[in-house]
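Trainee: Below is the structure I would like to discuss, written out as structure tokens.
Taken together, the values in this text are just the output of simple stated rules run on the coordinates, not laboratory data. The structure displayed is predicted, hence computed values, not measured ones. Neighbour counts are summed over all protein chains in view; Cβ atoms, including those assigned to glycine, are modelled from backbone coordinates with ideal geometry.
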Amino acid sequence: MHYQKQRQHGDPLYQPAWSKDQPCSVRGCSSLQVAMGYCGKYYQRYQRHNDPEKSLRAEIGKGGLTSKGYRMLYRPGHPNASKHGRIVEHRLVMAEILGRPLLPSETVHHKNGNRLDNRPENLELWIRNHSDGQRVEDAVAWAKEILRLYGSEQGGETEGSP
């Protein structure tokens, strides 16, 4: 062990500034140090984010966060939930507003850009358009389908109305 300290640090009696019998250097953490003055949890965060206090977790009871910053909730049995029972909160809120599950072609947009602000007044329903180069018949059929799905929700005219 002394030989290894001599090779790595130039001193066979080298002692790091932190010790494994000391508490973690993050305020409020009482776990013992593992490396660089941090306990295992904060050392792992330091390695991932270069900041021991950065976390991609939501408040307790509020669900977790995805890597893109959206809040993920556990709602098994919801039609829009994944096979593991998880659904992003903004899609759940929009489905409740509409009173139906969202279609795969529908997305939810945050007006103010804050992905954690899932108040109904901050959310807009968007749809993905078809790709370029459609046949006219297909475009007309798609337009009729859009009017059938959304015409009455937006106060617009539907097929057969004047």
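Trainee: Using mean Cβ contacts within 10 Å as the protection proxy, how do 38-46, 104-112, 88-96 order, highest first?
Mentor: Working: 38-46: 17.8, 104-112: 13.6, 88-96: 19.3.
Output ranking for 38-46, 104-112, 88-96: 88-96, 38-46, 104-112.
Trainee: May I pose another question? Between Ser82 and Gln8, what is the FRET efficiency for a Förster distance of 45 Å, r being their Cβ-Cβ separation, to the nearest 0.05?
Mentor: About 0.45, to the nearest 0.05.
Trainee: Along the charge dipole of the stretch 2-49, Cβ charges K/R +1 and D/E -1, which of Met36, Gln6, Tyr46 sits furthest on the positive end?
Mentor: Result: Tyr46.
Trainee: Just tell me which lysines come within less than 29 Å, Cα to Cα, of Lys5; anything on the same chain fewer than 8 places away is out.
Mentor: Cα-Cα hits under 29 Å: Lys20, Lys41.
Trainee: So what J values fall out for the stretch 68-75 if you push phi through Karplus, 6.51 cos²θ - 1.76 cosθ + 1.60 with θ = phi - 60°, rounded to Hz, Gly and Pro as x?
Mentor: Going residue by residue, I get 8, x, 8, 6, 10, 10, 9, 9 Hz, with x marking Gly and Pro.
Trainee: Counting only the backbone N, which residues of the stretch 27-53 are under 19 Å from the spot 7 Å out from the Cα of Ser67 toward its beta-carbon?
Mentor: Within reach of a label on Ser67: 44-51.
Trainee: To continue, here is another question. Mind checking which lysines have their C-alpha under 27 Å from Lys111, skipping anything on the same chain fewer than 8 residues away?
Mentor: Cα-Cα hits under 27 Å: Lys54, Lys62, Lys68.
Trainee: A further question follows. If each of Gln22 and Lys111 carries a label point 7 Å out from its Cα toward its Cβ, how far apart are those two points in nm?
Mentor: In this crude spin-label approximation the distance works out to 5.2 nm.
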